[in-house]
1. Pairs please, first residue from the stretch B:17-40 and within 22 Å of residue B:329 (Cβ to Cβ), second anywhere and surrounded by fewer than 18 Cβ atoms within 10 Å (Cβ to Cβ) and small (Gly, Ala, Ser), Cβ atoms under 6 Å, 6+ apart in sequence or on different chains.
2. Just to be sure, is residue A:134 within 12 Å of chain B (Cβ to nearest Cβ), part of a helix (DSSP H, G or I), in contact (Cβ under 8 Å) with a residue 12 or more places away in the chain and surrounded by fewer than 24 Cβ atoms within 10 Å (Cβ to Cβ)?
3. Could you say whether any residue in the stretch A:113-124 is surrounded by 24 or more Cβ atoms within 10 Å (Cβ to Cβ) and without any contact (Cβ under 8 Å) to a residue 40 or more places away in the chain?
4. For the stretch B:153-192, which positions are more than 12 Å from every other protein chain (Cβ to nearest Cβ), closer than 21 Å to residue B:327 by Cα and not polar (S, T, N, Q)?
5. Keeping to the stretch B:93-131, report how many residues are more than 7 Å from every other protein chain (Cβ to nearest Cβ), closer than 13 Å to residue B:55 by Cβ and assigned to a helix (DSSP H, G or I).
6. Could you check the stretch A:140-152 and list, in sequence order, the residues that are more than 8 Å from chain B (Cβ to nearest Cβ) and either part of a helix (DSSP H, G or I) or not hydroxyl-bearing (Ser, Thr, Tyr) (or both)?
7. Pick out the one residue from B:235, B:241, B:206 that is farther than 17 Å from residue B:68 by Cβ, surrounded by fewer than 18 Cβ atoms within 10 Å (Cβ to Cβ), modelled with pLDDT of 95 or more and not polar (S, T, N, Q).
There are 2 protein chains.
Amino acid sequence: MAVVVNLDAERAGREPDALERLAALVDADMARVNQIILKQMQSPVALIPELAGHIIAAGGKRLRPILTLAAARMCGYRGEHHQTLAACVEFIHTATLLHDDVVDDSALRRGQDSANVLWGNKPSVLVGDFLFSRAFQLMVMPGSLRVLEILSGASAVIAEGEVLQLITSNDTATTELAYLEVIKGKTAALFSAACEVGAVIAERPKTEQEALSSYGLNLGIAFQLIDDALDYSAKQEALGKTVGDDFREGKITLPVILAFLRGGAEERTFWQRVMEAQEQRPEDLQEAIGLMTRHGALKDTVARAAHYGAMAKDALGIFKDSPEKRALTEVVDFCIQRGH
Amino acid sequence: MAVVVNLDAERAGREPDALERLAALVDADMARVNQIILKQMQSPVALIPELAGHIIAAGGKRLRPILTLAAARMCGYRGEHHQTLAACVEFIHTATLLHDDVVDDSALRRGQDSANVLWGNKPSVLVGDFLFSRAFQLMVMPGSLRVLEILSGASAVIAEGEVLQLITSNDTATTELAYLEVIKGKTAALFSAACEVGAVIAERPKTEQEALSSYGLNLGIAFQLIDDALDYSAKQEALGKTVGDDFREGKITLPVILAFLRGGAEERTFWQRVMEAQEQRPEDLQEAIGLMTRHGALKDTVARAAHYGAMAKDALGIFKDSPEKRALTEVVDFCIQRGH
């Protein structure tokens, strides 16, 4: 994937962005990761590679495996286990995407028909389970019990975050703190684990492992906050994605929470109607975006993201300078700047 | 659970059956396993222990964890890791039950409303993921990479078996061999892993590990064959379960495969209508049972089960005599005798 992205930039005759620069640093590793992914999604049951291939080939940014690779390299790791773990991290991510799309009844994923639309919910649940199991087989390979603890722990926390999101879903009384717990679970825990294992397999001291865990956690929170802001932003449309998916599902995200808290009684009635009762009229999305803009809810969601981004960058302070460290630092701002 | 079962037998003034005798041998271990299960299903997200507690408390026979405990004891194991692994095995089993009920749209599980009926499909999928993750956290604890390989490998094979079942579902052309692959995956792989890890943590030689793996695999196949026969048998009703669940779902099991293969053109048209087109009239279940009886399909499903059961018993031949060996041997016949 990294290669493709860089060629894209080259072809477009522009400078590569920070994610492309980070990807370029781990280009050779990523080629191996893609081989591992292809090999490990095979099964005598043909539907499995077919369905898994659909969602994995659709691409996405491969941000999480890139983080594992770059973290390991920054820590001076010279082996090959980081490639296995990067594939493992991508499998966990893909498994959760498959289950998310079932749980959310999503029709689109990465601009294509989602697997549940093409094959139905049942194969999506079961192939998700398969990829999840494969992820565990991959994480055993490096032979590190600490790696296993980190990644299996993250998986449990992801599931907790998803269940928590299901509970808070449609509830306008959700607090910012409860929302943070949701995204720490559903998104940031895997970012954190993806980064931390890089330091663990490089056998770096505990402080560096914790620094990378904190970098990943905060980057993951920032990343999700920006994702949530983008769901209400015109920039999203420019990226070829639909605006308002969260809105239509009644998903409570920080932009909604801030607009709700800052709005008067009449506005709160609006939010309760569209998010809780889910009675939505065609003009409601524009109305929601209008309210968010008036109260600075989108701008401040980005500001909150910048706060976590700043913590992520500072967490890298204990590492000595290297191309990987610079790229990991710059990718934080890149993730946040997607938001405006 | 074991204690309760034994008291049941005592209260009823009858001899304990083979499963109760096996359970009694690992009674103290099982009490610890139940504590581990209770502790590990906890989460700050209250819905998780609530939903997980519903399905776990409903009980079931706890056959898989009993196998892990008894296998470890037969191998002379004196530590405590077998308790952790028994809990792990039960968590994997429970996670697959939750996902199965979603995939099959089942309304009942162990005679109670299923979790998907009580809480909906979404929490069932996500709490399944949580239990699956917890299972992996548990399997890390004994610190044995071989145990991790066996149990994570089994998890992947279970998912493959479930997908394969989904594909063959409603297809009357399913061969007996294809069907065997399905049940090796969805049922026997976990039986096999549950038994094998007992020998691994006891650090017994490879031959004993393989013997227990084979015992579990063959017992698992026999167990599932009997389950499939029971779904069409009056004995099932005596156990307080519904007859014809598989039939109503159009699930192709060995009794159907044998009746189809042994029947004439008219009968095959019947099977295609009820299983493939799923056009079922109230009298069709009785008609199906009639055809199965006429062709000896149920009797021969039990005979096939007895064949795998015989292999299971012989696999234990290399172990020296012990109460556990005797109980593990006798439980095979007990599992098969449920069938008539």
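1. B:20/B:9
2. no
3. yes
4. Across the stretch B:153-192, the qualifying residues are B:188, B:191.
5. Result for the stretch B:93-131: 16.
6. If the condition is that a residue be more than 8 Å from chain B (Cβ to nearest Cβ) and either part of a helix (DSSP H, G or I) or not hydroxyl-bearing (Ser, Thr, Tyr) (or both), then A:141, A:142, A:146, A:147, A:150, A:151 are the ones that fit.
7. B:206
Per-residue answers, yes or no, for (1) over 18 Å from residue A:43 (Cβ atoms); (2) without any contact (Cβ under 8 Å) to a residue 12 or more places away in the chain; (3) not aromatic (Phe, Trp, Tyr):
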{"position": "B:149", "(1), (2), (3)": "no, yes, yes"}
{"position": "B:181", "(1), (2), (3)": "no, no, yes"}
{"position": "B:203", "(1), (2), (3)": "yes, yes, yes"}
{"position": "B:215", "(1), (2), (3)": "yes, no, no"}
{"position": "B:221", "(1), (2), (3)": "yes, no, yes"}
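The values are calculated or read from the model by the stated rules, or taken from the named source; none is laboratory data. Nothing here was measured: the structure is a model prediction, and the numbers come from that model. Here the Cβ is made from the backbone with ideal geometry for all residues, glycine too, and neighbour counts use every protein chain on show.
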